[in-house]
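The values are calculated or read from the model by the stated rules, or taken from the named source; none is laboratory data. Nothing here was measured: the structure is a model prediction, and the numbers come from that model. Don't worry about glycine lacking a Cβ; one is built from the backbone with ideal geometry, like all the others, and counts go over all protein chains shown. Surface accessibility is based on the protein's heavy atoms, side chains included, excluding ligands, DNA and RNA. Shrake-Rupley method; radii C 1.70, N 1.55, O 1.52, S 1.80 Å.
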Amino acid sequence: MRIDVLTLFPSMIEAVLGESVLGRGARRGHFSFAAHQIRDYTQNRQKQVDDYPYGGGMGMVMQADPLFRCWEDVISKHGRGHTVLMSAQGHVFNQGMAREYQREHSHLILVCGRYEGVDERFIEECVDEELSIGDFVLTGGEIAACAVADAVCRLIPGVLAEEICFEDESHWSGLLEFPQYSRPELWHGKNVPEVLLSGNHEAIRRWRREQAERRTKAKRPDMWEKYCADK
C-alpha cells in the first residue's frame, strides 16, 4: 500500500508514520508513505495557499489551485489513488472502514484541510470521500490523517508480528477488548485473576470472552445492542 498525504505540515505526518511500529513497517517495505507540502505548488512568491471567502465571513479558505496542483503531481507519478479529505463533515471513521481500506485500496491520498475549510470546487473535482474521526473540530486534518493511516497500515500483513495482535482487540469482532495484566502478580494490593495464571487455555479463552462481553455491555451499550442484533 502507498499513502500520500497533502499537507501544510509534512513534519507532523513524518513524525507519526515514520516512528515505532509503523516506521519499521515502512522501512521493511510493507507500505510506503510520503507527505507533500502544498505550499510548493503555489504560483506566487508568498506561497499563498489561502484567501478570504467569497460572500464574507470569518477566517480564510484553502484555495483550490495549490491543492489541485499538488494532487495532480501525486497522481501523475503514482496513479489515481482513493482521495480522502479529512473533514468534520465526513463519515465518522471506524475499524470496519480501516479493514475495508486495507482490503480494497492499494493507494490512499489523504488531504489535510486547514483554516475555515477547502474550496468546494477542489472537493467536487478531486475528492472521492470525506472522513471525520469524531464529532468535533480540529485546527487541521493532520491528526485525523495520521489516525486513519495508523489504523489502516497496522492491518497490513507484516506490520504487526501476527494477525492475532489485532484480531483480539476492541472493535474487531464487535466487542471491546478484555482486561489485560502484566507482572507483578500482586500490585497495590490487587491480584491478577487466578484464571490467567492457571495455564488452562480454554478457561482463559472463555474468561476473556465473558469479560469482553461484560465490558462492552457496561461501557458501550450502543455496541452491545448492535452486537446482539448481528449474532
Inset, instruction - Quick one: angle between helix 142-153 and the longest Cα principal axis of the chain, in degrees between 0 and 90, rounded to 10, please. - result: 50 degrees
Inset, instruction - Determine the calculated [θ] at 222 nm for the chain from helices alone, applying -39500 (n - 2.57) to every DSSP H run no shorter than 4 residues and normalising by the residue count; nearest 500 deg cm²/dmol. - result: -12000 deg cm²/dmol
Legend entry - Virtual spin-label span in nm between Asp135 and Glu213, 7 Å along Cα→Cβ: 3.0 nm
Inset, instruction - At q = 0.12, 0.18 Å⁻¹, work out log10 I(q)/I(0) for region 1-152 with the Debye formula, treating every Cα as an identical point scatterer and leaving solvent out; two decimals please. - result: -0.48, -1.08
Legend entry - Three semi-axes of the equivalent ellipsoid, region 7-53, Cα gyration tensor, whole Å, largest first: 30, 10, 7
Legend entry - Full-extension gain in nm, Lys77 to Asn44, via 0.36 nm per residue minus C-alpha separation: 9.5 nm
Inset, instruction - Treating only the Cβ atoms of Lys and Arg (+1) and Asp and Glu (-1) as charged, compute the dipole magnitude of the chain about its Cα centre; round to the nearest 20 debye. - result: 840 debye
Inset, instruction - Taking only protein heavy atoms into account and a 1.4 Å probe, give the accessible area per residue of the chain in Å². - result: 60 Å²
Inset, instruction - Roll a 1.4 angstrom probe over the protein heavy atoms and tell me the percent of accessible area of region 1-41 that is carbon or sulfur. - result: 49 percent
Inset, instruction - Could you pull out every one of the aspartates and glutamates with an alpha carbon less than 19 Å from that of Lys231, ignoring same-chain neighbours closer than 8 positions? - result: Glu167, Asp168, Glu169, Glu177, Glu210, Glu213, Asp222
Inset, instruction - Run through the DSSP bridge list for the chain and note the antiparallel percent, rounded to the nearest 5. - result: 20 percent
Inset, instruction - State, as an integer percentage, the relative contact order of region 53-138 based on alpha-carbon contacts under 8 Å between residues 6 or more apart. - result: 48 percent
Inset, instruction - Can you send over the carbon and sulfur percentage of the accessible area for region 84-231, probe radius 1.4 Å, protein chains only? - result: 47 percent
Inset, instruction - Output the Kirkwood hydrodynamic radius of region 77-145, Cα pairs only, in Å rounded to one decimal. - result: 12.5 Å
Legend entry - Gaussian network model of the chain, Cα within-10 Å springs - most flexible of Asp65, Asp73, Asp50: Asp73
